[in-house]
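Q: Quick one: the structure is below, and I'll ask about it shortly.
The values are calculated or read from the model by the stated rules, or taken from the named source; none is laboratory data. Everything numeric in this text was worked out from a predicted model, so none of it was measured. Cβ sites come from the backbone with ideal geometry, for glycine too, and all protein chains shown count toward neighbours.
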Amino acid sequence: MSEVLHLVGVFFSYAVLAIFAQNAIFTRGLGVSRLVQLVGDKRTSSWWFALMLCITQVLVAPLAFYAGRLLAPLPNRAQLRPVVYLACIAVVCLFELVVLKLAKGPRSGQLIRILPIAAVNSGVLGTVLVERTQSFTLEQSIGFGLGSGLGYLLAVMLVTEAQNRLRSRAIPEAFRGLPITLIYIGVLALAIYGFTGHSVIL
Amino acid sequence: MRRHIAEAIARDPEKFAHHDRIFKNNPVVMQGMGLAPLVVLATSGKNAAMLAVAVALLLTPSRMLACLLSRLCPLRDERPEPEELEKKLLPRAFVYSGSAAVVYLAAYPILNMLFGTDLLTMGVYLPMLVVEPLLTYRFGRVQESMHKAVSKGLRITLGYALLLLILGCVREWLAFGTVFGVELSRSILPMASMPAGGFIVLGVVCAVWRALARKQREYLKNEARGYLAVHPQSQESGKEEKE
């Protein structure tokens, strides 16, 4: 019983760590290019995007954990990392595609179109690389993957929410759009450092 | 200014600016691509130079390889039907990122030879380049020719490298008071070396860059109009020749 509680504790503590203290966007800038494009893109729903990203990250975590174990003893592992982890993401995407095709729900088509944008993303590959570089255990990896996806959703929500204010005429013309969005993300990142300190393990 | 350039600017100034991936339509400043390595890694001139070499080794070759392979599932229209996107987007995404990962296999030993253990400072951001939108954004766009892949790849590499070096040097000077290790002043803004500082400095650099690009576009438009107003005859004779 205490073993199970310990595992649940580890899972949730790593999820919370990834949402706030090690937020993918604010502390590492993972997937920030996609976030900036997503916020101005009316065709792609931020919610569905973040949901697909979350699911992909959770499913990739165990696969990458075992792939990382196989990769560890190889002499050229540094070279092989992107190919191997990208293959893991491809397997998960294929699985998600099959599920979406079989489900035939009203949103299946939309989700199939969002899937490649959400999965082939530095947010997903970056999180997998962080998990493996820091040698997380299986439950830590899954917790971190889930938290990282939720952290991404939090960042998307915060930036989307601010868009109306960031379009204000009070902002000098040269700063409108991308520049002010970057400055806004920087200020939010500073607020997070205020809680956690600012060391980032690359 | 040459006549054909003046005519191209006068005809469609936006289209003319669109082709300039180095200054007027820099992919980072205008479209926000490749931000993660810029914000986290480009904290010094040396880091920026390493990253620029990595991008130079990866971007154009991977784009060429992806251009070849993506012919198996090409997107033919600028605005494809949803059914076509559902079929082709996922394979194209993995063709583009997979091509970059394959090129990375060859690029990594070269980078290792050039920079040795310094390469470790790039952490997860070096392998992560294979999914950067800068390298993979074409998967959702219409199929391009090999000539375009090479020419655009080279121009985007130049534009990205230029911004990397500017940002790396500015952040190093602000955070440590040095540029490529040469001491210039005391540290002005230590925060510039952190990712949060990176976002803020990049935002300011983008704003200045955009303002300068807009000014240059206006200048070129006026110059082109002026040129065509002063030399109208050859334009008319050109039309006559065409007729």
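Q: Name the single residue, out of those in the stretch B:116-140 being touching a residue at least 60 places away in the same chain (Cβ under 8 Å), aliphatic (A, V, I, L, M) and assigned to a helix (DSSP H, G or I), that is surrounded by the fewest Cβ atoms within 10 Å (Cβ to Cβ).
A: B:LEU119
Q: Still on this model: Do the conditions hold for B:ARG3, that is, is it touching a helix residue (DSSP H, G or I) at 6+ places or on another chain (Cβ under 9 Å), under 25 Å from B:GLY140 (Cα atoms) and of a type in the set (Lys, Arg)?
A: No, not satisfied.
Q: Now for a separate question. Residues B:MET50, B:MET33: which one is surrounded by 14 or more Cβ atoms within 10 Å (Cβ to Cβ) and away from chain A (no Cβ under 11 Å)?
A: Of the residues listed, the single one that is surrounded by 14 or more Cβ atoms within 10 Å (Cβ to Cβ) and away from chain A (no Cβ under 11 Å) is B:MET50.
Q: Taking the stretch A:79-93, which residues are farther than 14 Å from A:GLN57 by Cα and more than 8 Å from chain B (Cβ to nearest Cβ)?
A: Matches in the stretch A:79-93: A:VAL84 only.
Q: Sticking with this structure for a sec: Examine the stretch B:79-95 for a residue that is more than 13 Å from chain A (Cβ to nearest Cβ), surrounded by 24 or more Cβ atoms within 10 Å (Cβ to Cβ) and in contact with a Cys (Cβ under 9 Å, 6 or more places away or on another chain), and state whether such a residue exists.
A: no
A quick yes/no check of all residues on (1) more than 14 Å from every other protein chain (Cβ to nearest Cβ); (2) modelled with pLDDT of 90 or more:
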site: B:TRP173; (1), (2): yes, yes
site: B:PHE180; (1), (2): yes, yes
site: B:CYS206; (1), (2): no, yes
site: B:GLU241; (1), (2): yes, no
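Q: Restricting to the stretch B:1-24, name every residue that is crowded, with 20+ Cβ neighbours inside 10 Å and under 30 Å from B:GLY198 (Cβ atoms).
A: The answer is B:ARG21, B:LYS24.
Yes/no matrix, rows are residues, columns are (1) among the charged types (D, E, K, R); (2) in contact with a Leu (Cβ under 6 Å, 6 or more places away or on another chain); (3) modelled with pLDDT of 95 or more:
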position: B:VAL53; (1), (2), (3): no, no, yes
position: B:ASP77; (1), (2), (3): yes, no, no
position: B:PRO82; (1), (2), (3): no, no, no
position: B:TYR96; (1), (2), (3): no, no, yes
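Q: Ok, one more. Restricted to the stretch B:141-187, and to residues that are small (Gly, Ala, Ser), in contact (Cβ under 8 Å) with a residue 12 or more places away in the chain and over 21 Å from B:PHE199 (Cα atoms), which residue is surrounded by the most Cβ atoms within 10 Å (Cβ to Cβ)?
A: So the residue we want is B:GLY153.
Here's the yes/no breakdown for (1) at the interface with chain A (Cβ under 8 Å from one of its Cβ atoms); (2) more than 16 Å from B:ASN47 (Cα to Cα); (3) under 19 Å from the mean Cα position of the chain (by Cα):
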| residue | (1), (2), (3) |
| --- | --- |
| B:PHE115 | no, no, no |
| B:LEU119 | no, no, no |
| B:MET122 | yes, no, no |
| B:MET128 | yes, no, yes |
| B:PRO133 | yes, yes, yes |
| B:ARG138 | no, yes, yes |
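Q: Determine which member of the set A:LEU182, A:LEU150 is of a type outside the set (Gly, Ala, Ser), touching a Leu at 6+ places or on another chain (Cβ under 8 Å) and either under 18 Å from A:ILE55 (Cβ atoms) or in contact (Cβ under 8 Å) with a residue 24 or more places away in the chain (or both).
A: A:LEU182
Q: Same structure, new question: Going by the structure shown, is B:VAL39 within 11 Å of chain A (Cβ to nearest Cβ), part of a helix (DSSP H, G or I), touching a residue at least 24 places away in the same chain (Cβ under 8 Å) and farther than 21 Å from B:ARG138 by Cα?
A: yes
Q: Now a separate question. Which of the residues that make up the stretch A:123-173 are within 12 Å of chain B (Cβ to nearest Cβ), at pLDDT 90 or above and surrounded by fewer than 19 Cβ atoms within 10 Å (Cβ to Cβ)?
A: Matches in the stretch A:123-173: A:THR133, A:GLN134, A:ILE171, A:PRO172, A:GLU173.
Q: Do any helices (runs of 4 or more DSSP H) entirely within the stretch A:42-133 hold 3 or more residues that are touching a Leu at 6+ places or on another chain (Cβ under 7 Å) and aromatic (Phe, Trp, Tyr), and if so, which?
A: A:46-71
Q: Is it the case that the stretch B:220-238 has a residue that's of a type in the set (A, V, I, L, M, F, W, C), surrounded by fewer than 15 Cβ atoms within 10 Å (Cβ to Cβ) and either touching a Phe, Trp or Tyr at 6+ places or on another chain (Cβ under 6 Å) or without any contact (Cβ under 8 Å) to a residue 12 or more places away in the chain (or both)?
A: Among the residues of the stretch B:220-238, at least one is of a type in the set (A, V, I, L, M, F, W, C), surrounded by fewer than 15 Cβ atoms within 10 Å (Cβ to Cβ) and either touching a Phe, Trp or Tyr at 6+ places or on another chain (Cβ under 6 Å) or without any contact (Cβ under 8 Å) to a residue 12 or more places away in the chain (or both), which makes the answer yes.
Q: Right, next: Can you tell me how many residues within the stretch A:17-46 are within 27 Å of B:SER193 (Cβ to Cβ) and either more than 10 Å from chain B (Cβ to nearest Cβ) or not polar (S, T, N, Q) (or both)?
A: Result for the stretch A:17-46: 19.
Q: Return the pairs, sorted by first residue and then second, in which the second residue is hydrophobic (A, V, I, L, M, F, W, C) and crowded, with 21+ Cβ neighbours inside 10 Å, the first residue lies in the stretch A:105-122 and is more than 7 Å from chain B (Cβ to nearest Cβ), the beta carbons are less than 6 Å apart, and the residues are 6+ apart or on different chains.
A: Going by the 6 Å Cβ cut-off, the qualifying pairs are A:ILE114/A:PHE49; A:ILE114/A:MET52; A:ALA118/A:PHE49; A:ALA118/A:MET52; A:ALA118/A:LEU53; A:ALA119/A:ILE89; A:ALA119/A:CYS93.
Q: Hey, can you tell me all the residues within the stretch A:9-45 that are of a type in the set (D, E, K, R) and over 23 Å from B:VAL124 (Cα atoms)?
A: Residues satisfying the conditions are A:ASP41, A:LYS42, A:ARG43.
Q: For the list (1) part of a helix (DSSP H, G or I); (2) at pLDDT 90 or above, I need the number of the one condition that B:GLN235 fails.
A: Of (1) part of a helix (DSSP H, G or I); (2) at pLDDT 90 or above, only one is false for B:GLN235: (2).
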